[in-house]
């Protein structure tokens, strides 16, 4: 089970690393074939990077909520029950 959790974190981490590489290549004027312009390559890299980091952050937050290790700010809000009339 831990290997599955590790793979769930490694794959988005590698994808986020690919996003960083695509953004970095803009500064060195390296254009990769599927992209017509450098700014398109940068935007795709930024989107990939943000999505990878967001997945990892969501995974960690979900795990910590389940183990009750988050502060009151990040706990799920309880729904208030409305009394029946």
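Could you tell me how many degrees, from 0 to 90 and to the nearest 10, lie between the Cα long axis of helix 38-66 and the main elongation axis, the longest principal axis, of the Cα atoms of the chain? Around 20 degrees separate the two axes. Counted over all Cα-Cα pairs of the chain, pairs farther apart than 21 Å make up 52 percent. For region 16-85, relative contact order (Cα pairs under 8 Å, six or more residues apart, normalised by length) works out to 30 percent. With the simple spin-label model, which puts each label point 7 Å out from Cα in the Cβ direction, the residue 2 to residue 53 separation comes to 2.9 nm. Helix 2-27: angle to the longest alpha-carbon principal axis of the chain, degrees 0 to 90, nearest 10? Computed tilt is about 40 degrees.
Each reported figure results from applying straightforward, stated rules to the coordinates on display, with no laboratory input. Since the structure is predicted, the reported quantities are computational estimates derived from the model, not experimental observations. Backbone-built Cβ (ideal geometry, glycine too); neighbour counts: all protein chains shown.
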